[in-house]
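Structure, as structure tokens:
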Amino acid sequence: MPYQSNDLLSRDLQGNGGELAQQVEEQLKLISPNSANIAIYRDMILTVLHMAKQDHSRWNAKITLQALRELEQAFRVLEQFKGRRKVTVFGSARTATEHPLYAMARELGAALARSDLMVITGAGGGIMSAAHEGAGLEHSLGFNITLPFEQHANPTVDGTGNLLPFHFFFTRKLFFVKEADALVLCPGGFGTLDEALEVLTLIQTGKSPLVPVVLLDTPGGRFWESALDFIRNELEANHYILPSDMKLMRLVYNVEEAVQEIQQFYGNFHSSRWLKHQFIIRMNHPLNEQALEHIQQAFADLCLSDCFHQHSYAGEEQDEAQFSHLTRLSFTFTARNHGRLRELVDFINLPENWTEAAPQASQRNREPIKLT
């Protein structure tokens, strides 16, 4: 979607001279002459200048500065891991090493690494330490929170270039979700529950791309089953959520199922985005005629108008031309029922719905999923 410049902000700062925005833009072109983002950087600088003009609060200014620094550092460090699929693993920092969940999290990290998936955690102890221990440094990323007490980084990532420190929880949580191609949630405390509900809210509302959300517990464990009982009996029964919203997460009781859930999600589905008023699903393999006919009928409720169209790349996604080899499924998505969207993704991932049999899609060489 084309960037919309904030002309009102520019006029407010320009005054009678009318030259400030132009001067900022000229300086940016000297720094980065080939950038396609000059207008965005210009408005970022104008926004800071607007804050300086208002000068309401030193505290507000310090928050903005710290957040910008954290964002810039994270973007810069994570650039080296661009194109690698990543799985964020949440769980309690207080899980003891002798607890069965610790062994399961370590096994999970190892299994994800064997599938060439990077493991993101909060870099602390317990479940986080176990997942990184299993994955090893090459397949680990740690997003640590700076606190006046505890939360020292675990031995796998401590003191390495795979560790990112954050001062603010909100910037740290942004990258937990932004970088994740899947999320696995193990039992934990308030923080784990907060992360679980936030992730589900972001996906349910379309503010975050659709990715697999896996609830992992030990065989016979009741942690997530009890939470799901509450969601069904109180949220779904009282119509606070749609029944299809339950499709946004999957409960499993072993590592093999957890990894299989992630791999199946990307069996044919590659990524998704908005392009003007069209929602586009990129696929590794085109769908056959029978599958397309079924989609037109079974998933018509996802469309505002018209119907589903399967087509090849036609140059419309110039900002992501690296995906030009992928087949597209486009439709005017209602943007309301993402549980049903997950059902559509599950359908297109069935090999019998492809035009030809094909090997498992590679987990490598892929830009992070995003909605624009």
Worksheet item: Just checking, how many residues over the stretch 170-198 are over 25 Å from Ile262 (Cβ atoms) and either in contact with a helix residue (DSSP H, G or I) (Cβ under 9 Å, 6 or more places away or on another chain) or buried (at least 19 other Cβ atoms within 10 Å of the Cβ) (or both)?
Response: 2
Practice prompt. Report whether or not His99 is without any contact (Cβ under 8 Å) to a residue 40 or more places away in the chain and more than 19 Å from Leu215 (Cβ to Cβ).
Written response: no
Worksheet, complete the sentence: In the stretch 58-102, anything charged (D, E, K, R), out of contact with any strand residue (DSSP E or B) (no Cβ under 7 Å at 6 or more places or on another chain) and in a helix (DSSP H, G or I) is listed as Arg58, Lys62, Arg69, Glu72, Arg76, Glu79
Worksheet, complete the sentence: All-but-one check, Thr332 against (1) in contact with a Cys (Cβ under 7 Å, 6 or more places away or on another chain); (2) at pLDDT below 90, failing number (2)
Discussion item. Anything in the stretch 277-309 that is within 13 Å of Thr334 (Cβ to Cβ) and of a type in the set (A, V, I, L, M)? List them, or say none.
Written reply: Ala300, Leu302, Leu304
Worksheet item: Within the stretch 191-214, is even one residue modelled with pLDDT under 95, out of contact with any Lys or Arg (no Cβ under 8 Å at 6 or more places or on another chain) and assigned by TED's automatic domain parsing to the domain that holds Leu341?
Response: no
Worksheet, complete the sentence: Filtering the stretch 253-271 down to residues that are closer than 20 Å to Leu350 by Cα and of a type in the set (Val, Ile, Thr) yields Val259, Ile262
Practice prompt. Please enumerate the residues belonging to the stretch 246-277 that are within 15 Å of Pro209 (Cα to Cα) and not hydroxyl-bearing (Ser, Thr, Tyr).
Written response: Lys247, Leu248, Met249, Ile262, Phe265, Phe269, His270, Arg273, Trp274, Leu275
Item to complete: For the stretch 241-283, enumerate the residues that are touching a His at 6+ places or on another chain (Cβ under 8 Å) and free of Cβ contacts under 8 Å to residues at least 60 places away in the same chain.
Response: Arg282
Item to complete: Take the stretch 127-156 and flag every residue that is of a type outside the set (Asp, Glu), over 23 Å from Leu71 (Cα atoms) and either assigned to a strand (DSSP E or B) or in contact with a helix residue (DSSP H, G or I) (Cβ under 7 Å, 6 or more places away or on another chain) (or both).
Response: Ile127, Ala130, Ala131, His132, Gly134, Ala135, Gly136, Thr156
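The values are calculated or read from the model by the stated rules, or taken from the named source; none is laboratory data. Since this is a predicted model, take the numbers as computed values, not measurements. Here the Cβ is made from the backbone with ideal geometry for all residues, glycine too, and neighbour counts use every protein chain on show.
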